[in-house]
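The structure appears right after this line, and notes come after that.
The values are calculated or read from the model by the stated rules, or taken from the named source; none is laboratory data. Bear in mind that the values here come from a model prediction, so they are computed numbers and not experimental data. Using ideal geometry, Cβ is built from the backbone for each residue, glycine included, and neighbour counts are taken over all protein chains shown. The area values use the complete protein model at the heavy-atom level, side chains included, leaving out ligands, DNA and RNA. Shrake-Rupley method; radii C 1.70, N 1.55, O 1.52, S 1.80 Å.
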Amino acid sequence: MSGGETPNTEPRIVYREYVYPRGEQDGGAERTRELRIRIPEVLDSEYGMYVWPSAPVLAQYIWFHQALLTGKRVLEVGAGVSLPGIVAAKCGAAVILSDSAALPQCLENCLRSCAQNNLSGVPVIGLTWGEISPDLLTLPPVDVILGSDVFYEPKDFEDILVSVRFIMERNPKAEFWTTYQVRSADWSIEDLLHKWDLSCQNVSLKTFDADRERLAGSNLPGRHSIHMMVITLKRDPSK
């Protein structure tokens with residue numbers, strides 16, 4: 001490269017398609033259509049910029065339980081490429097996508113995902129875990145929070161739950177649907193859930209037909225061990 005040339009800073013992007021098929025859904029009803037989602041992945045970039053094994057599993061849960069989301073307001077945190085949030089929007093939810101305010105490239109990719117799937121008017125906001133920001137304070141009512149593989153770095157676990165707890169204080173009936181990849185038997189959020197008065201229900205992947213190495217026409221989740229949880233505020237049994 002000569003001294004007068006500038007390096008090419010344009011991101012290298014590949015597009016991957018995920019196909020969620022027709023078939024039985026929650027309650028035994030039949031889906032009459034398949035769903036095709038096109039996701040842009042940025043190569044050689046931050047780890048949040050491509051689809052991790054947990055995301056197709058969470059998206060499968062959403063597709064299987066799509067009737068639960070119709071007309072609901074959904075927030076995806078740590079969205080990155082936004083596969084679960086995009087599926088939720090296609091299932092009739094009013095979706096807000098978010099990622100760290102310190103990672104504008106991730107927020108840009110959320111917008112790119114929306115454009116690829118013909119979704120206009122989906123808000124994309126910067127929410128940094130553990131921080132009380134103007135976007136967090138002005139967040140509209142939320143019914144469901146989505147997060148795939150947000151429990152990646154143990155140092156972030158409490159910040160994630162602090163943000164979730166803050167949102168749930170304003171939305172006591174909200175649920176946090178989250179999938180994560182088991183990376184160490186020593187990593188646990190049990191004590192943190194107790195500290196922040198949160199309850200956790202583990203969801204078997206068999207119950208929504210996700211106990212497979214390949215989902216949505218992809219090679220994910222592969223042989224990775226993926227777990228799913230639904231986290232809520234602890235309920236007072238006396239009420």
Note down the magnitude of the dipole of the stretch 122-176 about its Cα centre, charges +1 on Lys and Arg C-beta and -1 on Asp and Glu C-beta and zero elsewhere, to the nearest 20 debye.
200 debye
Would you please give the FRET efficiency between residue 15 and residue 159, computed as 1/(1 + (r/R0)^6) with r the Cβ-Cβ distance and R0 = 25 Å, to the nearest 0.05?
0.20
Quick one: accessible area per residue over the chain, 1.4 Å probe, rounded to a whole number of Å²?
51 Å²
So, with points 7 Å from each Cα along the Cβ direction, the residue 22-residue 209 label distance in nm works out to 1.2 nm
Leaving ligands, DNA and RNA out of it, rank 179, 232 by accessible area with a 1.4 Å probe, largest first.
232, 179
Distance cut-off 21 Å, Cα to Cα: go down the list 90/234; 90/206; 155/195; 173/195; 72/173 and report the pairs above it.
90/234; 90/206
Tell me which of 11, 227, 64 sits at the most positive position along the dipole axis of the chain, charges placed on C-beta atoms (Lys, Arg +1; Asp, Glu -1).
64
Just to verify a number: what accessible area does residue 73 come out at with the full protein assembly present, 1.4 Å probe, Å² rounded to tens?
90 Å²
Under a 1.4 angstrom probe, counting protein chains only, how are 65, 224, 194 ranked by accessible area, largest first?
194, 224, 65
Magnitude of the Cβ-charge dipole (Lys and Arg +1, Asp and Glu -1) of the chain about the Cα centre, nearest 20 debye, reported as 820 debye
If you count only protein heavy atoms and use a 1.4 Å probe, how large is the accessible surface of residue 190, to the nearest 10 Å²?
130 Å²
Carbon/sulfur accessible area of the chain, % of total, 1.4 Å probe, equals 48 percent
Checked the stretch 41-172 with the C-alpha gyration tensor, a ≥ b ≥ c its square-rooted eigenvalues, rounded below a/c of 1.5, otherwise prolate if a/b is larger than b/c and oblate if not; verdict rounded
Any idea of residue 61's accessible area? Nearest 10 Å², probe 1.4 Å.
20 Å²
Whole-number Å³ per residue for the convex hull built on Cα positions in the stretch 169-212:
100 Å³
Modelling each spin label as a point 7 Å along the Cα-to-Cβ direction, I'd like the residue 36/residue 199 distance in nm, to one decimal.
4.3 nm
